[in-house]
Amino acid sequence: MKANFVLCVSNQDYEASLECFKVYRCKDDTNAEKHHQLRVIDESGEDYLYPEKIFVSITLPKIAREALMVKPH
């Protein structure tokens with residue numbers, strides 16, 4: 001699954017790191033994908049590996065993509 005943005009559909013076992021039904025940015029990581037994982041920038045602001053089955057790839061309008069790419073101050 002290759003996507004710039006994913007929607008978390010389950011945060012079971014990851015309640016402290018992920019919010020269910022929230023959009024997250026993910027980074028390309030072909031090695032992780034081979035193991036059915038995604039490298040996601042979670043609530044800590046850092047990227048970690050998570051099972052791909054807890055996310056759904058989404059396509060966002062350009063304005064939404066740009067807004068989500070801006071780092072908060």
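The values are calculated or read from the model by the stated rules, or taken from the named source; none is laboratory data. Values in this document were obtained by computation on a predicted structure and should not be read as measured data. Cβ: placed from backbone, ideal geometry, glycine included. Neighbour counts: every protein chain shown.
Restricting to the range 1-33, give me the number of residues that are in contact with a Lys or Arg (Cβ under 9 Å, 6 or more places away or on another chain), without any contact (Cβ under 8 Å) to a residue 40 or more places away in the chain and outside any helix (DSSP H, G or I).
4
Give the number of residues within the range 15-51 that are touching an Asp or Glu at 6+ places or on another chain (Cβ under 8 Å) and either more than 24 Å from residue 70 (Cα to Cα) or of a type in the set (Val, Ile, Thr) (or both).
5
Sort out which residues of the range 46-70 are closer than 18 Å to residue 10 by Cα, more than 10 Å from the chain's Cα centre (by Cα) and of a type in the set (D, E, K, R), and write them in order of number.
53
Within the range 34-41, identify whether any single residue is modelled with pLDDT under 95 and part of a loop (DSSP other than H, G, I, E, B), and answer yes or no.
No - not one qualifying residue is present in the range 34-41.
Residues in the range 17-73 that are touching a Ser or Thr at 6+ places or on another chain (Cβ under 8 Å) and loosely packed, with under 10 Cβ neighbours inside 10 Å: how many?
Residues flagged as touching a Ser or Thr at 6+ places or on another chain (Cβ under 8 Å) and loosely packed, with under 10 Cβ neighbours inside 10 Å within the range 17-73 amount to 1.
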